[in-house]
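Some notes on the structure that comes next.
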Amino acid sequence: MIQVRLAAPRRAIGLTGLIVGAALLRALLLPLGDLLSTLLFGGCLLTISWLERTAPTLPSPADGGGELPKTVGRAWSLGVGLMVGALLVAPLAGGALSARGLDGFWTWAALAALIATLEEIAIRGALYQRWRDEAGPVAAIVAGAVVFALIHLPRYGLAAMPLDAAVGLTLGGLRALTGRVLPCAVAHTIADWGAWFWA
Amino acid sequence: MTRGRRAGLAALVLGLAAAAALHGRLAGAPVYDGIIVPPEPYRWESPPPNLRAGNKPPLPGEATLPVVNGQVAGGGVQTGDNQVVIYFGVGTFKAAPGTRTVKCTIEPDPNPPPPPAGVEIRGNVYRIGCIAQPGGGPVTLTSSYHLTMRFPPGPISEIQYNDGSGWRPLQTLRAAGGDPYANANAPGFGEYAATASTGATVPGGSILTIIGRYAPFFGILAFVIIFGVIAVVQELRRRQARIPAQSKKRRR
């Protein structure tokens with residue numbers, strides 16, 4: 001049992017390194033263009049999540065011997081995701097609306113939703129599961145928040161890191177509370193879309 | 001409630017409170033993700049007829065820079081819409097004795113001087129000036145300062161400067177990655193505008209060039225979408241296959 005616990009975090013750390021590495025690759029490829037580097041990043045996240053999907057996991061040391069927590073209903077969790085997304089956008093909504101209008105919004109919004117969903121599948125899906133199984137839910141939430149802040153560091157700089165960590169904590173909490181990735185993807189997408197109207 | 005869900009609820013509340021508190025300290029918008037939000041439409045002082053609807057007027061900018069030991073320590077000024085940003089290095093100004101601060105302004109000019117023959121102004125003309133305070137006397141530049149101007153969609157060839165004696169072109173550097181900004185070393189106070197040759201168009205290209213430009217983007221997008229759909233379908237099948245197996249176990 002001791003051996004299992006000692007070996008376990010290595011897998012979680014390895015997966016963490018892969019996701020952060022994908023973000024680093026994206027930063028290095030930024031001179032090729034924002035869309036291209038972002039899509040490559042999305043492709044990396046998808047591949048990581050895909051490979052991790054069938055990887056064996058270990059019994060959780062802290063959350064019911066590896067059993068999944070009792071998940072809430074899909075509709076309820078979706079509602080919570082929408083509400084959390086709205087709460088993340090709320091502090092901005094008091095400011096002046098941008099002059100962007102809706103021209104070009106839908107293409108941008110679809111791509112933003114795609115990337116947000118892929119980030120959530122990788123971080124709140126594969127990474128959360130790995131950390132939770134190997135070190136417990138609190139470690140899983142914290143690791144996800146740290147990774148979330150780190151992957152956005154090259155783009156938004158140190159000044160945005162505390163905010164990204166706070167949002168990562170929120171989304172990790174949402175994942176642990178609902179037992180699902182979908183509400184996290186919904187909340188993340190809504191928060192991103194807010195940038196169009198209030199940035 | 002399990003330990004995991006209790007931790008989740010605590011993290012959710014803590015994260016939301018921290019995010020709300022931190023929003024006020026950041027000048028920007030939510031920075032949670034991925035695709036850079038495209039810039040707002042260019043703000044025209046005199047918009048072309050097809051852009052009049054929805055146009056917002058350009059904003060001016062001003063800053064007051066302190067003078068220490070007869071020198072301005074440097075600093076930046078930008079318009080409220082970020083369409084023009086200037087930056088002064090240390091010792092750019094020579095201020096008269098008694099000057100405490102230097103006030104610099106950037107203002108869109110509604111009635112700019114006409115461009116030279118064969119050149120058209122692309123976007124707004126901005127008037128940049130600085131005065132000494134108190135008193136409002138002139139300040140002298142001892143070196144050039146850095147100027148960044150946004151320009152509207154379409155071609156530009158260079159930024160031009162007019163100090164009252166006519167327009168003259170400046171060596172101009174376009175921002176990388178197709179961003180609509182151009183930089184130049186501004187030699188003095190006066191008017192600045194992005195310009196292009198009359199009738200200039202954005203360089204196009206052959207069909208192969210266009211395919212080469214867009215193929216990587218759409219190729220990777222197709223990869224992400226196709227692979228994503230396959231992943232979702234396989235996950236659904238896996239779950240469906242698990243359900244009969246579980247019900248068989250229960251029957252036994």
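The values are calculated or read from the model by the stated rules, or taken from the named source; none is laboratory data. Because the structure is predicted, anything quoted here is derived from the model rather than measured. All Cβ positions, glycine included, derive from the backbone under ideal geometry; neighbour counts span all protein chains shown.
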Expected output for segment A:26-47 (first residue among the β-branched types (Val, Ile, Thr), partner assigned to a helix (DSSP H, G or I) and surrounded by fewer than 18 Cβ atoms within 10 Å (Cβ to Cβ), Cβ below 8 Å, 6+ apart or cross-chain) is A:Thr47/B:Phe227
The correct count of residues that are more than 7 Å from every other protein chain (Cβ to nearest Cβ) and at pLDDT 90 or above in segment B:11-41 is 2
Residue set B:Glu62, B:Glu120; condition surrounded by 14 or more Cβ atoms within 10 Å (Cβ to Cβ), over 21 Å from the mean Cα position of the chain (by Cα) and acidic (Asp, Glu); output residue B:Glu120
Filtering helices (runs of 4 or more DSSP H) wholly in segment A:122-189 for at least 1 residues that are within 9 Å of chain B (Cβ to nearest Cβ), touching a residue at least 40 places away in the same chain (Cβ under 8 Å) and of a type in the set (A, V, I, L, M, F, W, C) gives A:137-156, A:161-178
Scanning segment B:1-21 for residues that are closer than 22 Å to A:Ala160 by Cβ and not β-branched (Val, Ile, Thr) gives B:Ala11, B:Leu12, B:Leu14, B:Gly15, B:Leu16, B:Ala17, B:Ala18, B:Ala19, B:Ala20, B:Ala21
If we keep only residues of segment A:36-61 that are modelled with pLDDT under 80 and either closer than 20 Å to A:Thr170 by Cα or surrounded by 18 or more Cβ atoms within 10 Å (Cβ to Cβ) (or both), then the residue farthest from the other protein chains (Cβ to nearest Cβ) is A:Ser60
In segment A:190-199, anything within 8 Å of chain B (Cβ to nearest Cβ) and in a helix (DSSP H, G or I) is listed as A:Ala191, A:Asp192, A:Gly194, A:Ala195, A:Trp196, A:Trp198
Exercise. Right, B:Ile128: within 29 Å of A:Gly33 (Cβ to Cβ) and surrounded by 21 or more Cβ atoms within 10 Å (Cβ to Cβ) or not?
Worked result: no
